[in-house]
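K.L.:
Sending over a structure as structure tokens; questions will come in a sec.
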Amino acid sequence: MNRITHLLARPVALAVTGLALAFGVASCATTANVAATSDFDHAVNFRAYKTWAWYPKQANDTEGGPARGYESFTDQRIRDAVSKDLTAKGLTEVANNASPDVYVAYSVRVENKQQIAGGYPYGGYGGYPYYGYGYGGFGGYPYGGGRAYNYKAGTVIIDIVDARRKELAWRGTGQAQLDQNSISEAETYRIVNSVLGNYPPTDTRRPAAVR
């Protein structure tokens, strides 16, 4: 199993306030009630990336609905939002077989959360799994004590993979409280734009010798 397959297949136990990859320190920003975090390989020169394509093994129907062999509304909206954002950043989308500089993949989760009055949100019982290109699901348990209320939270993870090295170069995550049981069109664009607001990363610590 190569490195990228290993990274994309293993389960991700993720709290938005605590995303960490092995090769960097996460940055964090909150925009329009979206908690957005990102992490990246500090040895990568992101300015060298000019073209991108969707990750070849990206699965459609991210929210686990009845769609099979076609894109759900959430898939369509995420792809549109990502395409527009990367285009605005000067990257050109190409076909998968056109040797892009990077591949882009995403995953979506909608889960139950519980907010403890005066405390922090925790994953609730019955959390929904990730749906996408290989993430495993996870669920948390509410902490006792204090008043609590339940709500839905939507999480979007976007990965940028170096196509030549087959290694993860950047990962961004955004989470927002939802008004319903699925991520609406407005919420999808809001979360994706907040996540990609951290791309490309600004890294004053990047070494002189880059890959």
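The values are calculated or read from the model by the stated rules, or taken from the named source; none is laboratory data. Model, not experiment: these values are computed from the prediction. Here the Cβ is made from the backbone with ideal geometry for all residues, glycine too, and neighbour counts use every protein chain on show.
K.L.:
Give ASP203, ASP179 a once-over and let me know the one that is part of a loop (DSSP other than H, G, I, E, B), buried (at least 16 other Cβ atoms within 10 Å of the Cβ), at pLDDT below 95 and in contact with a helix residue (DSSP H, G or I) (Cβ under 9 Å, 6 or more places away or on another chain).
P.N.:
Within the list ASP203, ASP179, the selection yields ASP203.
K.L.:
Another one. Restricting to segment 75-106, count the residues that are without any contact (Cβ under 8 Å) to a residue 12 or more places away in the chain and either crowded, with 20+ Cβ neighbours inside 10 Å or basic (Lys, Arg) (or both).
P.N.:
1
K.L.:
Can you tell me which residue is nearest to LYS152 (Cα to Cα) among those in segment 94-109 that are in a strand (DSSP E or B) and among the hydrophobic types (A, V, I, L, M, F, W, C)?
P.N.:
Residue satisfying both the conditions and the ranking: VAL108.
K.L.:
Another question, if that's okay. Return yes when LEU86 is modelled with pLDDT of 90 or more and part of a helix (DSSP H, G or I) and no when it is not.
P.N.:
yes
K.L.:
Here are the criteria: (1) assigned to a strand (DSSP E or B); (2) out of contact with any Leu (no Cβ under 8 Å at 6 or more places or on another chain); (3) modelled with pLDDT of 95 or more; (4) not hydroxyl-bearing (Ser, Thr, Tyr). Tell me which single one VAL195 does not satisfy.
P.N.:
Looking at each condition in turn, VAL195 falls short on (1).
K.L.:
I would also like to ask the following. Given the residues TYR122, TYR103, which is the only one that is touching a Lys or Arg at 6+ places or on another chain (Cβ under 8 Å) and either of a type outside the set (D, E, K, R) or modelled with pLDDT of 95 or more (or both)? Reasoning before the result, please.
P.N.:
On the way: TYR103 fails: touching a Lys or Arg at 6+ places or on another chain (Cβ under 8 Å).
None of the others qualify; the one that does is TYR122.
K.L.:
With respect to GLU111, determine if the residue is at pLDDT 95 or above and surrounded by 14 or more Cβ atoms within 10 Å (Cβ to Cβ).
P.N.:
When the stated conditions are applied, GLU111 does not pass them.
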